[in-house]
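The values are calculated or read from the model by the stated rules, or taken from the named source; none is laboratory data. Since we're looking at a predicted model, the values are computed, not measured. Note: ideal-geometry Cβ built from the backbone for every residue, glycine included; neighbour counts use all protein chains shown.
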Amino acid sequence: MQSLWQQFDQLGTEMIVTKAGRRMFPTFQVHISGMDPAAEYVLLLDFIPVDDKRYRYAFHSSSWLVAGRGDIAVPGRVHFHPDSPARGAQWIKQTVSFDRLKLTNNLLDDNGHMILSSMHRYQPRLHVILVDQSRDSQRFAHRNFCTFSFPETRFIAVTAYQNHRRLRFL
């Protein structure tokens with residue numbers, strides 16, 4: 001879905017958040033290579049604030065503007081891919097989709113959804129963690145994970161779409 005993410009990014013990607021939780025569109029999907037086919041890996045996704053600002057949409061200029069300081073960031077959560085842990089052979093044979101992940105603005109969410117503040121910018125990050133069964137795995141923990149982020153997947157969390165130019169893609 002890279003081309004769709006890139007098209008949205010040019011317009012200013014918006015992602016709906018609801019109290020009950022809503023799935024991402026576009027879905028976060030990756031194709032992974034370079035894993036040891038026999039080793040086990042855990043894949044997880046988190047979201048970090050891009051900055052400490054709050055935004056508003058200016059309809060007259062069809063653009064997002066800084067509207068002041070952002071809210072205090074809520075404690076971060078991670079979303080484990082439901083197939084985790086799995087062998088590298090499984091991860092590399094297909095596109096990995098985080099299509100079950102839901103976004104919410106409910107600070108009291110107890111469903112495990114990702115809690116985001118509306119009108120703030122976020123960057124999803126993919127973490128790939130090698131499951132190391134050795135006794136001294138803690139000594140090499142820094143070697144057992146990689147983090148990836150893709151600038152085109154940045155978005156502003158909203159409760160309703162603001163940008164009318166986005167509607168032609170839906």
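Got a number for residues in region 13-71 being in contact (Cβ under 8 Å) with a residue 40 or more places away in the chain, surrounded by fewer than 15 Cβ atoms within 10 Å (Cβ to Cβ) and of a type in the set (D, E, K, R)?
6
On the given criteria, is Gln162 at pLDDT below 95, under 22 Å from the mean Cα position of the chain (by Cα), surrounded by 15 or more Cβ atoms within 10 Å (Cβ to Cβ) and within 30 Å of His60 (Cα to Cα)? Spell out how you get there, then give the answer.
Numbers: at pLDDT below 95: yes; under 22 Å from the mean Cα position of the chain (by Cα): yes; surrounded by 15 or more Cβ atoms within 10 Å (Cβ to Cβ): yes; within 30 Å of His60 (Cα to Cα): yes.
Against the criterion (at pLDDT below 95, under 22 Å from the mean Cα position of the chain (by Cα), surrounded by 15 or more Cβ atoms within 10 Å (Cβ to Cβ) and within 30 Å of His60 (Cα to Cα)), Gln162 qualifies.
Answer with yes or no whether Val74 is crowded, with 18+ Cβ neighbours inside 10 Å, of a type in the set (A, V, I, L, M) and over 12 Å from the mean Cα position of the chain (by Cα). Walk me through it before giving the result.
Working: crowded, with 18+ Cβ neighbours inside 10 Å: no; of a type in the set (A, V, I, L, M): yes; over 12 Å from the mean Cα position of the chain (by Cα): yes.
Judged against the criteria, Val74 is not a match.
How many residues does region 53-85 contain that are part of a loop (DSSP other than H, G, I, E, B) and either within 18 Å of Ser149 (Cα to Cα) or modelled with pLDDT of 95 or more (or both)? Step through it out loud before you land on a result.
Going through region 53-85, the residues part of a loop (DSSP other than H, G, I, E, B) turn out to be 59-62, 70-77, 81-85.
Cutting the leftovers down to either within 18 Å of Ser149 (Cα to Cα) or modelled with pLDDT of 95 or more (or both) gives us 76-77, 81-85.
Count: 7.
Please tell me if Ser97 is hydroxyl-bearing (Ser, Thr, Tyr), closer than 24 Å to Ile32 by Cα and at pLDDT below 95.
On the way: hydroxyl-bearing (Ser, Thr, Tyr): yes; closer than 24 Å to Ile32 by Cα: yes; at pLDDT below 95: no.
It is false that Ser97 is hydroxyl-bearing (Ser, Thr, Tyr), closer than 24 Å to Ile32 by Cα and at pLDDT below 95.
State all residues of region 86-115 that are farther than 22 Å from Ile156 by Cα and assigned to a strand (DSSP E or B); if no residue qualifies, say none.
Hits for region 86-115 are Ala86, Arg87, Val96.
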